[in-house]
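Quick notes on the structure that follows.
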Amino acid sequence: MQYHTHGFNPGDPNVFAAAPGHRRAGDPLPETIDVLIAGSGPAGLCLAAQLAREPSIRTMLVEPKFGPMEKGQADGISVRSMEMFQAFGFAEKVMRESVWINETTFWAAGAESLLERVARVQDVPDGISEMPHVLLNQARVHDMFLDLMRDGPTKLEPDYGLKVVDLEIDPNAKDYPVTVTLEHTDLARLGQTTQLRANYVIGCDGARSSVRKAIGGTLHGDAAHHAWGVMDLLATTNFPDWRMKSFVRSQDAGILMVLPREGGHLVRLYVELDALGEHERVADRGMGADDIIAKAQRIFQPFKLDVKDVVWWSIYEIGHRLTDKFDDVPADQLATRTPRVMLAGDACHTHSPKAGQGMNVSMGDTFNLGWKLISVLTGRADPALLHSYSGERRAAAQGLVEFDHKWARVVGSKAPDTVTDGLPRVAREFVNNLPFTCGLTVQYEPGLLTGAQLHQHLAKGFEIGKRFHSAPVVRLADAKPMHLGHCVDADARFRLFIFAPANDTGTHGGAVDALCSWLQNDAASPICRFTATGEDIDAVIDVRAVFQQGFRALDYTAMPALLRPHVGRLGLCDYEKVFCADATRAGDIFDMRQIDRANGCIVIVRPDQYVGHILPLDARDGLSAYFANILRARS
Ligand code: FAD
């Protein structure tokens, strides 16, 4: 973490000084706003936390409830989300507070129909990520985003007690084209409405989204016509795997899932309840907490379950649904209009909670959108960039809905469980699906933001279109062992990682020096074209280099000036741009990610941590073309 960049600041470095011109909680509502976010679930808060860091953007978040969430809803945090939390700076906090899921066990009826453990498998495959799979209540994740918002320069707080009821877009208005009608939900002003105009409205308002309805969107899909109960509880039991994630399939009482939770005592159960009729709604059955407990006790037999405290419960029906488009621009108007209203999270895709994806995919949506909105609103990118949001994230959501369909069928199947290679079918499917449930199978298609696979062979372990798979390195200036991916902050900047050829030490005449010199000095380079006058040289594209030699073999002072830039109000040197392979301890990044040792390469990482492109070190035109498609010339 870098701070004191603009002068010494005492106190907590996570708390920024307030930027002028921003509303404080309780101030009157504004007439206009840059971005209005509807909903303070994981999607809305993840977006708000990114926008709150940008002092030039005025953001507002409205939420009909009266305060932050305290319990319930989702709890699964995939390794991919943990990587994203690292970029926000709170992964370590989540790791300390959460429960880690390392093993998953499978129970089924055995001899005399008694439950027995039939399989246990590793939950996160080795080497897939440096992050664990954890469980933590959604409310705590909300709290961490709320802290970032409050501590950021714009001191953003949700406006509770307000909901979006309608909106209209004026296609001819240049500024603030979206007129939004908000309604108060507190008793004193219940039903009173007010209007404001926004440049962008983001509907993160859940499965019954008013924003989606206002732009004519519909969720298409189906329901499984089966009721499930979910319960967070404190209990005593003689079931041996109470602190393991477990799938339990009884002879004929049904299925449940055990999910140990944070703090060492809390447990979540997902319990299969009754089949529903074709036109029956789950609410029609009038089931409650007692029904969930009674069913769980029957499934668990002969083990005992003595419930001491029910913390939260809900009964739901599985539905797999998706909207056609995640923004307001119909397919036939793509060339003439850019998006003004976008949807994220449950507002545009819903699925069963059992695969633990709802919160993760919702945050993934707005991590994709946040940097794009910031780039457009700060003038770095053309608004057309926003078209890429719906295309990229709808494809990811489609993959999730298909996976979820398949997984719900496997878990709910009444067919006898066939055993292959020592694993019953559910356990086998579970293992096969791990890369998906870890959140690591999303791969963006080649297009505006994702380069073609032409040079993939230069670094086979950084798959173009997939998330940047971090690996260990040592920082040259202070010999700190660390993960390369951890220098990618959620700050809307692109990263350009230069991997040096074998004998290149960064000195004059080498390929790294030649590339850095071009990037810094040539008017055609993306840094010169897209960094505005007066901005730090790494404000838009942050260049870092990784060398093959150990840190004692290299001289920091001999590195190209671009890798030792002087930044901030005081022009202080940034010492954190150069890294070495950690060959003797944690592993050599060049081997681990199959980087061409003879030639080296450039890996472009998007602000949302996805690999944008891989290019040879001398591909000046390719580098210029990649950024020219995305950014606007500013200098
Ligand atoms: P949400 O978390 O639904 O947040 C939407 C927010 O928008 C809410 O705060 C809502 O009050 C607000 N809002 C609604 N209407 C408006 C409006 N008109 N204007 C402004 N704001 C509005 N997932 C699991 O993995 N396991 C579970 O057990 C589980 N249980 C769930 C139980 C419930 C009751 C619900 C609703 C969801 C549950 N989920 C569960 C799903 C998971 O919580 C979601 O997938 C995830 O929260 C999606 O995040 P989101 O931000 O898109 O939407």
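Under the simplified labelling scheme, the Asn14-Cys528 pair shows an inter-label distance of 4.2 nm, with each label point 7 Å from Cα along Cα→Cβ. Per residue, the chain exposes 41 Å² of accessible surface when a 1.4 Å probe is rolled over the protein heavy atoms with every protein chain present.
Taking only the alpha carbons of the chain, we obtain Rg and Dmax values of 25.7, 79 Å in that order. Taking each residue as 0.36 nm, the span from Phe66 to Gln453 lengthens on full extension beyond its C-alpha to C-alpha distance by 134.4 nm. Computed about its Cα centre, the charge dipole of region 18-136 is approximately 380 debye, with only Lys, Arg, Asp and Glu carrying charge at their Cβ.
Just want the answer: with Cβ charges of +1 for Lys and Arg and -1 for Asp and Glu, which residue in Leu484, Leu496, Pro526 is farthest toward the dipole's positive end in region 456-628? Selected residue: Leu484. Per-atom-type breakdown for the chain gives carbon and sulfur 50% of the accessible area (1.4 Å probe, protein chains only).
Note on Tyr316 and Val410: the extension gain reaches 32.0 nm, defined as 0.36 nm multiplied by sequence separation minus the Cα-Cα distance. Pairwise inverse Cα distances across region 66-209, averaged and inverted, put the Kirkwood hydrodynamic radius at 19.4 Å. Over the C-alpha atoms of region 214-340, the Rg to Rh ratio, Rh being the Kirkwood estimate, stands at 1.16. Among 517-525, 616-624, the peptide with the highest mean count of other Cβ atoms within 10 Å heads the list, and the full ranking is 616-624, 517-525.
If R0 is 30 Å, the Cβ-Cβ spacing of Arg634 and Leu572 corresponds to a FRET efficiency of close to 0.80. Applying a length cut-off of 24 Å (Cα extent along the axis) and a mean Kyte-Doolittle floor of 0.0 to the DSSP H helices of the chain leaves 358-377. Accessible area per residue (1.4 Å probe, heavy atoms of protein chains only) ranks Ile128, Ile299 as Ile128, Ile299, with the largest value leading.
Glu168 exposes around 130 Å² of accessible area when a 1.4 Å probe is run over every protein chain in place. For region 456-628, the gyration tensor built on C-alpha atoms gives a rounded shape. Its axis ratio a/c (a ≥ b ≥ c) stays under 1.5.
If you take every DSSP beta bridge whose two residues both sit in the chain, what share of them, in percent to the nearest 5, is antiparallel? That works out to approximately 75 percent antiparallel. At full extension, Asp170 and Lys466 could sit 102.9 nm farther apart than now, given 0.36 nm per residue minus the alpha carbon distance. With the charge dipole of the chain set up from +1 on Lys and Arg Cβ and -1 on Asp and Glu Cβ about the Cα centre, the Cα lying farthest toward the positive end among the listed residues Gly277, Ile128, Ile292 is that of Ile128. With each label modelled as a point 7 angstrom along the Cα→C-beta vector, the Arg285-Thr336 pair spans 5.0 nm. Treating r as the C-beta distance of Leu234 and Ser113 and R0 as 25 Å, the FRET efficiency rounds to 0.30.
Partner lysines whose Cα lies under 19 Å from the Cα of Lys304, excluding those fewer than 8 positions away in the same chain, are identified as Lys245, Lys295. A crude spin-label estimate for the pair Asp222 and Gln122, with each label 7 Å from Cα along the Cβ direction, gives 3.7 nm.
The values are calculated or read from the model by the stated rules, or taken from the named source; none is laboratory data. Computed from a prediction, not measured in an experiment: that's the story for all the values here. Ideal geometry is used to build each Cβ from the backbone, glycine not excepted, and the neighbour counts take in all protein chains shown. Side chains included, ligands, DNA and RNA excluded: accessible areas come from the protein's heavy atoms. Shrake-Rupley method; radii C 1.70, N 1.55, O 1.52, S 1.80 Å.
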